[in-house]
Amino acid sequence: MGFGEPPLCEGWHWAAASCDLKRGAVRAIEVGGRKLALYRGEDGVARCVDAFCPHMGAHLALGKVEGAGLRCFFHGWRFGADGKCDEIPALDTRVRDVCLKKHAVSEQDGLVWLWVGDGAPTFAPPIHHTLVGKPRRAFRVARWKKKCHPHVVLVNAIDEQHFRTVHQVPGEALKLRTESIAPHHFRVENTGAPPETSWLWRFLRKLYRGETLTYEIDYFSAATGCIRLGPSWARLHLMFAVRPTPDGGAEGMTIALSERRRGIKGAIIDYALMGVAALAGAYFAVGDTKVFDTISFELKTPIPADRTVWTYVRHVEAQQRAHFWLDEHGLPRQLERFPRGWAAE
Ligand code: FES
Ligand SMILES: [Fe+2]
């Protein structure tokens, strides 16, 4: 039982860090093999369109932002915020029916999210369920690449056996339970309590005041994992947003989050908690990388302790796949959608 190849699952996928997309800037990005131009209009709004100009195919990231639209570098055709061509320098007559393929984007928690789907978004960008609708802070902990499929990175967060062997978490501390929330969303929660196997765990037991060892992860569209851990008086939040790279690997962002407390003291607490969350993430990343670099993932001989991994694989298989995202040759579909001749009156 393996993961197969991209295409992506329908849903939100990270496109860029918000801070890397300045007002008036346009960037080339590639998400799931599809080439795109991501830009921020002079109105501050991020927008995303297919990369190639519908006139002759120049990459629109070579162009420049004008107002809320884009002008192609090559022959200067201009496309408004709605994607429609509204000016062709070499043509006096009115332009019609030439339009860029636009994609819905949303900004949240310091990331620009791209909707991969046939129609308009049908759900909100990823966030752990306990932070939904709450004011919050976020900072980017790391941007990284791995040599394995994105799902291999994501499923690692619920691979119960490896916590014991790679990260030295006692077996009795982690007893994971899975729950399906929506077709694109499933949740894994720990039901185990900190054991008394060492002074460290006895210390953690005191911190948790008799609670279960909080470890929860919300998965969205098999592309993003939102983790909550820590005792109830010091919740830590981490997000792993992952997408496939053109060479068959994975690239991702790690974001630390916190509910926004008021005042300077509140901000200090928030950043301290996000710092601890980042350290926890770094601790659990150690040891996995050499596996990610060489693994040929296939769950051939599952045992009961693999049930969370098995559930993840089944969840991926049940996802709405974005087959339209690439054609059968692995090429973006946008060119065939556009008129090839003159499209002006
Ligand atoms: S290729 Fe873009 S205007 Fe000609
Ligand atoms: Fe791990």
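The values are calculated or read from the model by the stated rules, or taken from the named source; none is laboratory data. The shown structure was predicted, so the numbers you read here are calculated from the model rather than taken from an experiment. Positions of Cβ are generated from backbone atoms using ideal geometry, with glycine treated the same way; all protein chains shown enter the neighbour counts.
Values computed for the structure shown
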{"read-out": "Selection count where residues are assigned to a loop (DSSP other than H, G, I, E, B) and over 18 Å from Leu131 (Cα atoms), scope the stretch 260-311", "value": "14"}
{"read-out": "The stretch 65-78, residues that are within 28 Å of the chain's Cα centre (by Cα) and within 12 Å of ligand 1 (Cβ to nearest atom)", "value": "Leu70"}
{"read-out": "Set Gly76, Gly119: member being on the phi > 0 side of the Ramachandran plot and of a type in the set (Gly, Ala, Ser)", "value": "Gly76"}
{"read-out": "So Val153, is it away from ligand 1 (no atom under 16 Å from the Cβ), in contact with a Lys or Arg (Cβ under 6 Å, 6 or more places away or on another chain), β-branched (Val, Ile, Thr) and not assigned by TED's automatic domain parsing to the domain that holds Cys19", "value": "yes"}
{"read-out": "Hey, Arg34 in contact with a helix residue (DSSP H, G or I) (Cβ under 7 Å, 6 or more places away or on another chain), farther than 30 Å from Asp306 by Cα and at pLDDT 95 or above or not", "value": "no"}
{"read-out": "Residue match in the stretch 208-221 (condition: more than 29 Å from Glu107 (Cα to Cα) and among the polar types (S, T, N, Q))", "value": "yes"}
{"read-out": "Checklist (1) farther than 29 Å from Gln319 by Cα; (2) away from ligand 1 (no atom under 15 Å from the Cβ) applied to Glu160, failing item", "value": "(1)"}
{"read-out": "Checklist (1) more than 16 Å from ligand 2 (Cβ to nearest atom); (2) closer than 27 Å to Phe220 by Cβ applied to Arg205, failing item", "value": "(2)"}
{"read-out": "Test: Asp247 is surrounded by fewer than 22 Cβ atoms within 10 Å (Cβ to Cβ), in a helix (DSSP H, G or I) and within 25 Å of the chain's Cα centre (by Cα)", "value": "no"}
{"read-out": "Cβ-Cβ under 7 Å pairs, at least 6 apart or on other chains, the stretch 261-280 side more than 18 Å from Val141 (Cβ to Cβ), far side part of a helix (DSSP H, G or I) and among the charged types (D, E, K, R)", "value": "Arg261/Asp270"}
{"read-out": "Any hit, the stretch 50-66, residues being touching a His at 6+ places or on another chain (Cβ under 7 Å) and either within 16 Å of ligand 2 (Cβ to nearest atom) or within 27 Å of Arg243 (Cα to Cα) (or both)", "value": "yes"}
{"read-out": "Residue within the stretch 4-27 that is within 13 Å of ligand 1 (Cβ to nearest atom) and at pLDDT below 95 present", "value": "no"}
{"read-out": "Residue in the stretch 95-114 that is of a type in the set (Asp, Glu), surrounded by fewer than 16 Cβ atoms within 10 Å (Cβ to Cβ) and not assigned by TED's automatic domain parsing to the domain that holds Asp270 present", "value": "yes"}
{"read-out": "Answer residue from the stretch 312-337, given it is in a loop (DSSP other than H, G, I, E, B) and among the aliphatic types (A, V, I, L, M) and is modelled with the highest pLDDT among those", "value": "Ala322"}
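Listed here are the residues, each with its yes/no results for (1) β-branched (Val, Ile, Thr); (2) at pLDDT 95 or above.
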residue	(1), (2)
Arg235	no, no
Val242	yes, yes
Gly248	no, no
Gly252	no, yes
Leu257	no, yes
Lys265	no, yes
Ala277	no, no
Ala282	no, no
Thr289	yes, no
